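Single-structure report; data block below.
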Amino acid sequence: MTLEERIAARLVAVLDHQVRAGVERPEGVVALVDEQGVPRLSVDDIARLAAQEAHAWF
């Protein structure tokens with residue numbers, strides 16, 4: 001699995017968890033949204049998760 005695939009898989013897993021938990025981000029936060037357009041992961045969340053995966057990769 002490539003680093004890109006690992007990051008994508010981690011984002012999907014966290015997004016699924018956020019949807020199940022009903023977590024939403026506040027208005028005005030740039031975010032990854034679910035199928036209904038509800039903001040679930042902020043850009044900061046995405047950057048943090050990608051950095052964690054990259055750190056684990058190396």
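The values are calculated or read from the model by the stated rules, or taken from the named source; none is laboratory data. This structure is a prediction, so every number in the text was calculated from the model and none was measured. For neighbour counting, all protein chains shown are included, and Cβ atoms are generated from backbone atoms with ideal geometry for every residue, glycine included. Note: areas computed on protein heavy atoms with side chains; ligands, DNA, RNA excluded. Shrake-Rupley method; radii C 1.70, N 1.55, O 1.52, S 1.80 Å.
Of all the residues in region 28-37, those that are surrounded by 12 or more Cβ atoms within 10 Å (Cβ to Cβ) and not hydrophobic (A, V, I, L, M, F, W, C) number 1. Of the residues making up region 45-54, none is open to solvent by 50 Å² or more (accessible area, probe 1.4 Å), in a loop (DSSP other than H, G, I, E, B) and not hydroxyl-bearing (S, T, Y). The set of residues from region 11-34 being without any contact (Cβ under 8 Å) to a residue 24 or more places away in the chain and out of contact with any Lys or Arg (no Cβ under 8 Å at 6 or more places or on another chain) comprises V12, A13, D16, H17, R20, A21, G22, P26, E27, G28, V29, V30. Within region 12-58, the residues that satisfy the criterion of being under 27 Å from T2 (Cα atoms), touching a Pro at 6+ places or on another chain (Cβ under 9 Å) and of a type in the set (V, I, T) are V30, V33. Which one of these is surrounded by 13 or more Cβ atoms within 10 Å (Cβ to Cβ) and assigned to a helix (DSSP H, G or I): R25, R20, R6, R40? Exactly one of R25, R20, R6, R40 is surrounded by 13 or more Cβ atoms within 10 Å (Cβ to Cβ) and assigned to a helix (DSSP H, G or I), namely R6.
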